[in-house]
Amino acid sequence: MARVLIVDDASFMRISIKNMLTKNGHEVIGEAENGKVGVEKFKELSPDIVTMDITMPEMSGLEALKEIVKIDPGAKVLMVSAMGQEAMVRDAIMSGAKGFIVKPFKEEGIIAAVKKLG
(Lines give C-alpha, C1' and ligand atoms only; values in the text may rest on other atoms or scores of the structure.)
Protein backbone atom coordinates (compact mmCIF):
# COMPACT_ATOMS: atom_id res chain seq x y z
CA MET A 1 0.00 0.00 0.00
CA ALA A 2 1.05 3.60 -0.58
CA ARG A 3 2.80 6.00 1.79
CA VAL A 4 0.94 9.29 1.32
CA LEU A 5 1.60 12.97 2.07
CA ILE A 6 -1.58 15.11 2.25
CA VAL A 7 -1.27 18.81 1.38
CA ASP A 8 -4.39 20.94 1.97
CA ASP A 9 -4.98 24.20 3.83
CA ALA A 10 -8.29 22.92 5.27
CA SER A 11 -7.68 20.69 8.29
CA PHE A 12 -11.10 18.98 7.91
CA MET A 13 -10.12 17.99 4.36
CA ARG A 14 -6.76 16.57 5.51
CA ILE A 15 -8.57 14.58 8.22
CA SER A 16 -11.19 13.37 5.74
CA ILE A 17 -8.60 12.21 3.16
CA LYS A 18 -6.47 10.65 5.91
CA ASN A 19 -9.43 8.65 7.25
CA MET A 20 -10.37 7.40 3.77
CA LEU A 21 -6.80 6.35 2.96
CA THR A 22 -5.95 4.68 6.28
CA LYS A 23 -9.28 2.81 6.28
CA ASN A 24 -8.24 1.38 2.92
CA GLY A 25 -4.80 0.24 4.03
CA HIS A 26 -2.67 3.22 2.99
CA GLU A 27 -0.25 4.93 5.36
CA VAL A 28 -0.45 8.71 5.77
CA ILE A 29 3.14 9.67 6.61
CA GLY A 30 2.66 13.43 6.73
CA GLU A 31 0.37 16.41 6.36
CA ALA A 32 1.02 20.00 5.26
CA GLU A 33 -1.18 23.10 5.43
CA ASN A 34 0.29 24.83 2.36
CA GLY A 35 2.46 24.18 -0.68
CA LYS A 36 5.63 25.50 0.93
CA VAL A 37 5.38 23.09 3.87
CA GLY A 38 4.31 20.37 1.40
CA VAL A 39 7.55 20.73 -0.57
CA GLU A 40 9.62 20.60 2.66
CA LYS A 41 7.77 17.49 3.85
CA PHE A 42 8.18 15.87 0.41
CA LYS A 43 11.98 16.28 0.69
CA GLU A 44 11.97 15.00 4.27
CA LEU A 45 9.56 12.04 3.94
CA SER A 46 9.86 10.81 0.31
CA PRO A 47 6.20 9.72 0.04
CA ASP A 48 4.98 7.34 -2.68
CA ILE A 49 2.05 9.66 -3.45
CA VAL A 50 1.14 13.28 -2.64
CA THR A 51 -2.44 14.57 -2.59
CA MET A 52 -2.25 18.29 -3.35
CA ASP A 53 -4.90 20.99 -3.04
CA ILE A 54 -4.53 23.85 -5.53
CA THR A 55 -5.73 26.99 -3.77
CA MET A 56 -3.64 27.52 -0.62
CA PRO A 57 -1.89 30.42 1.13
CA GLU A 58 1.89 31.01 0.86
CA MET A 59 2.44 28.66 -2.08
CA SER A 60 -0.28 27.27 -4.35
CA GLY A 61 -0.59 23.60 -5.19
CA LEU A 62 0.52 24.26 -8.77
CA GLU A 63 3.71 26.02 -7.57
CA ALA A 64 4.38 23.22 -5.06
CA LEU A 65 3.78 20.60 -7.78
CA LYS A 66 6.42 22.26 -9.99
CA GLU A 67 8.92 22.33 -7.10
CA ILE A 68 8.28 18.67 -6.24
CA VAL A 69 8.72 17.60 -9.88
CA LYS A 70 12.06 19.48 -9.94
CA ILE A 71 13.15 17.45 -6.90
CA ASP A 72 11.79 14.15 -8.26
CA PRO A 73 10.63 14.06 -11.91
CA GLY A 74 8.88 10.74 -11.19
CA ALA A 75 6.88 12.07 -8.22
CA LYS A 76 3.27 10.89 -8.10
CA VAL A 77 1.17 13.95 -7.28
CA LEU A 78 -2.61 13.75 -7.28
CA MET A 79 -4.27 17.17 -7.45
CA VAL A 80 -7.37 17.50 -5.28
CA SER A 81 -9.32 20.70 -5.79
CA ALA A 82 -12.75 22.27 -5.85
CA MET A 83 -11.58 24.11 -8.94
CA GLY A 84 -12.34 21.66 -11.71
CA GLN A 85 -11.83 24.15 -14.54
CA GLU A 86 -10.26 22.61 -17.60
CA ALA A 87 -7.41 25.13 -17.65
CA MET A 88 -6.40 24.20 -14.08
CA VAL A 89 -6.52 20.49 -14.86
CA ARG A 90 -4.47 21.02 -18.03
CA ASP A 91 -1.96 23.18 -16.14
CA ALA A 92 -1.57 20.59 -13.40
CA ILE A 93 -1.15 17.68 -15.82
CA MET A 94 1.31 19.68 -17.98
CA SER A 95 3.27 20.50 -14.82
CA GLY A 96 3.61 16.83 -13.91
CA ALA A 97 0.51 15.88 -11.91
CA LYS A 98 -0.37 12.21 -12.39
CA GLY A 99 -4.07 12.64 -11.66
CA PHE A 100 -6.83 15.06 -10.70
CA ILE A 101 -9.78 14.70 -8.34
CA VAL A 102 -12.49 17.34 -8.01
CA LYS A 103 -14.00 18.16 -4.58
CA PRO A 104 -16.42 17.07 -3.31
CA PHE A 105 -15.29 13.52 -4.02
CA LYS A 106 -16.47 10.13 -2.89
CA GLU A 107 -14.20 7.76 -0.99
CA GLU A 108 -14.09 5.25 -3.84
CA GLY A 109 -12.94 8.04 -6.20
CA ILE A 110 -9.87 8.95 -4.17
CA ILE A 111 -9.06 5.30 -3.39
CA ALA A 112 -9.26 4.37 -7.09
CA ALA A 113 -7.01 7.32 -8.02
CA VAL A 114 -4.42 6.40 -5.38
CA LYS A 115 -4.55 2.72 -6.40
CA LYS A 116 -4.00 3.68 -10.05
CA LEU A 117 -0.85 5.63 -9.08
CA GLY A 118 0.28 3.03 -6.54
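Probe radius 1.4 Å, ligands and nucleic acids ignored: give me the carbon and sulfur share of the accessible area of the chain as a rounded percent. Kindly include the intermediate steps, with their values, before the conclusion.
On the way: 3240 of 6020 Å².
Looking at the chain in its full context, I get 54 percent from C and S.
For the stretch 48-118, what is the accessible area per residue in Å², given a 1.4 Å probe and the full set of protein chains? Mind showing how you got there, number by number?
Working: 3700 Å² over 71 residues.
Accessible surface, normalised per residue, equals 52 Å².
Taking the Cα centre of the chain as the origin, how large is its charge dipole in debye, to the nearest 20, when only Lys and Arg (+1) and Asp and Glu (-1) carry charge on their Cβ atoms?
Details: 16 positive and 17 negative charges, 77 e Å.
Once rounded to the nearest 20, the dipole reads 380 debye.
How large is the Rg to Rh ratio of the chain when both quantities use alpha carbon positions and Rh follows Kirkwood? Spell out each step's value before the answer.
Values: Rg = 12.4 Å, Rh = 13.6 Å.
That ratio is 0.91, to two decimals.
Given +1 on the Cβ of Lys and Arg, -1 on the Cβ of Asp and Glu, and no further charges, what dipole in debye does the stretch 1-44 carry about its Cα centre, rounded to the nearest 20? Working shown, then result.
Values: 7 positive and 7 negative charges, 28 e Å.
In debye, rounded to 20, the stretch 1-44 gives about 140.
How large is ³J(HN,Hα), in whole Hz, for each residue of the stretch 64-76 in order, when computed from phi with the Karplus curve 6.51 cos²θ - 1.76 cosθ + 1.60 and θ = phi - 60°, using x for Gly and Pro?
5, 4, 4, 5, 5, 5, 5, 5, 9, x, x, 4, 9
Among Met1, Ile93, Ser46, whose Cα projects farthest towards the positive end of the dipole of the chain, with charges put on the beta-carbon of Lys, Arg (+1) and Asp, Glu (-1)?
Working it through, the farthest residue towards the positive pole turns out to be Met1.
Taking R0 as 30 Å, what FRET efficiency do you get between Ala82 and Glu40 from their Cβ-Cβ distance, rounded to the nearest 0.05? Before the final figure, lay out the partial values.
Details: r = 25 Å, r/R0 = 0.82.
It comes out at approximately 0.75.
Would the stretch 46-98 count as rounded, prolate or oblate if I go by the C-alpha gyration tensor, calling it rounded below 1.5 in a/c and otherwise prolate when a/b exceeds b/c, oblate otherwise?
prolate
Can you sort Arg14, Arg3, Arg90 by 1.4 Å-probe accessible area, starting with the largest?
Numbers: Arg14 35, Arg3 80, Arg90 135 Å².
Listed by decreasing accessible area, they come as Arg90, Arg3, Arg14.
In percent, what relative contact order does the chain have, based on Cα pairs under 8 Å that are 6 or more apart in sequence?
24
The values are calculated or read from the model by the stated rules, or taken from the named source; none is laboratory data. As the structure is a prediction and not an experimental result, all values here were calculated from the model. Reconstructed Cβ throughout: ideal geometry from the backbone, glycine too, with neighbour counts over all protein chains shown. For the accessible areas, the whole protein counts, side chains as well, though only heavy atoms, and no ligand, DNA or RNA atoms are used. Shrake-Rupley method; radii C 1.70, N 1.55, O 1.52, S 1.80 Å.
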